[in-house]
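S.K.: Okay, here's the structure, questions in a sec.
The values are calculated or read from the model by the stated rules, or taken from the named source; none is laboratory data. Please read these numbers as outputs of a predicted model, since none were measured by experiment. Here the Cβ positions follow ideal geometry from the backbone for every residue, glycine too, while neighbour counts run over all protein chains shown.
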Amino acid sequence: MGQVIRDSGKRLERLIENFLIYAQIELLGADAQKASALRQKQTPSPARLIEAHALHQANAARRADDLALDLADQPVPMSEDYLGKVVDELVQNAFKFSDPGRRVSVSLAGVPKAVTLSVTDQGRGFSTEHITKVGAYMQFERKIQEQQGLGLGLVIAKRLTELHGGTLSIQSERGSTTTVTVKLPKAAGS
């Protein structure tokens, strides 16, 4: 009983945190000067940070053995705090919407003029219609599948990516594989 109460408290804490972060992101996006300053920050060696956040989410899901990492230590043009938040949201979703024993892969790679962070799971997947409707407070198939939260995690990751001059894309096969890719312009000087 105590564990259930603790877990519920943690979910509530995360929900409140996400509300506050979402509000902060929207305010930053409305202020061109603050958004420009935000784009000046970077994480020069993100591999350890990404590994720590991904492993934390895997352990929280009790699925550390399902996590696969392929991380090139490529500078990322985003602060450590925001990069950690993006990783947390994407990896937590990957574990939440896939079954134990199914691999969740996290990769960071440099491509010409950009750096990509990809999270792939072998879970429920998205329909094309759902991908186009991703946004705040959007949840899909809630009547079919029990879900916690309000659907803010993916939109927070998307908005943070956009504020840093990047894109977040989703490729998914219904009932099979989903890959969420964050593509950011290369950090200055890399």
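S.K.: Is it fair to say Arg14 is under 17 Å from the mean Cα position of the chain (by Cα) and among the charged types (D, E, K, R)?
M.R.: Numbers: under 17 Å from the mean Cα position of the chain (by Cα): yes; among the charged types (D, E, K, R): yes.
Taking the combined requirement at face value, the residue satisfies it.
S.K.: Name every residue in the range 24-55 that is exposed (fewer than 15 other Cβ atoms within 10 Å of the Cβ) and among the hydrophobic types (A, V, I, L, M, F, W, C), in order of residue number.
M.R.: Leu27, Ala30, Ala32, Ala37, Ala52 - these are the residues of the range 24-55 that are exposed (fewer than 15 other Cβ atoms within 10 Å of the Cβ) and among the hydrophobic types (A, V, I, L, M, F, W, C).
S.K.: I would also like to ask the following. Between residues in the range 1-19 that are of a type outside the set (Val, Ile, Thr) and residues that are not in a helix (DSSP H, G or I), which pairs lie under 7 Å by C-beta distance while being six or more apart or on different chains?
M.R.: Arg11/Gln148; Leu15/Gly149; Leu15/Leu150
S.K.: Also, quick follow-up: Of all residues in the range 66-79, how many are among the aliphatic types (A, V, I, L, M), in a loop (DSSP other than H, G, I, E, B) and surrounded by 13 or more Cβ atoms within 10 Å (Cβ to Cβ)? Full working, then the answer.
M.R.: Step one: list which residues in the range 66-79 are among the aliphatic types (A, V, I, L, M), which gives 67-69, 71-72, 76, 78.
Filter once more, keeping what is in a loop (DSSP other than H, G, I, E, B): 72, 78.
Next, from what is left, pick out any that are surrounded by 13 or more Cβ atoms within 10 Å (Cβ to Cβ): 78.
Residues meeting the conditions: 1.
S.K.: Can you tell me which residue within the range 86-101, out of those that are assigned to a helix (DSSP H, G or I) and among the acidic types (Asp, Glu), is nearest to the chain's Cα centre (by Cα)? Walk me through it before giving the result.
M.R.: Initial filter on the range 86-101 (assigned to a helix (DSSP H, G or I)): 86-96.
Filter once more, keeping what is among the acidic types (Asp, Glu): 88-89.
Working: Asp88: 5, Glu89: 3 Å.
Residue satisfying both the conditions and the ranking: Glu89.
S.K.: Checking Arg103 against (1) closer than 19 Å to Thr167 by Cα; (2) in contact with a helix residue (DSSP H, G or I) (Cβ under 7 Å, 6 or more places away or on another chain), only one condition comes out false. Which one?
M.R.: Going through the list (1) closer than 19 Å to Thr167 by Cα; (2) in contact with a helix residue (DSSP H, G or I) (Cβ under 7 Å, 6 or more places away or on another chain), Arg103 breaks only (1).
S.K.: Going by the conditions given, is Ser172 of a type in the set (S, T, N, Q) and modelled with pLDDT of 95 or more?
M.R.: no
S.K.: Being small (Gly, Ala, Ser), modelled with pLDDT of 95 or more and either crowded, with 18+ Cβ neighbours inside 10 Å or assigned to a loop (DSSP other than H, G, I, E, B) (or both) is the requirement here; does Ser118 meet it?
M.R.: On the way: small (Gly, Ala, Ser): yes; modelled with pLDDT of 95 or more: yes; either crowded, with 18+ Cβ neighbours inside 10 Å or assigned to a loop (DSSP other than H, G, I, E, B) (or both): yes.
The answer is yes for Ser118.
S.K.: Inside the range 26-65, can you point out the residues that are assigned to a helix (DSSP H, G or I), touching an Asp or Glu at 6+ places or on another chain (Cβ under 9 Å) and at pLDDT 85 or above?
M.R.: Of everything in the range 26-65, those that are assigned to a helix (DSSP H, G or I), touching an Asp or Glu at 6+ places or on another chain (Cβ under 9 Å) and at pLDDT 85 or above turn out to be Ala47, Arg48, Leu49, His53, Ala54, His56, Gln57, Ala58.
S.K.: Looking at the range 51-80, I want the residues that are in contact (Cβ under 8 Å) with a residue 40 or more places away in the chain and at positive phi and have a partner that is surrounded by 13 or more Cβ atoms within 10 Å (Cβ to Cβ) and in a strand (DSSP E or B) with Cβ atoms under 7 Å, at least 6 apart or on another chain. Which pairs are those?
M.R.: Cβ pairs passing all conditions: none.
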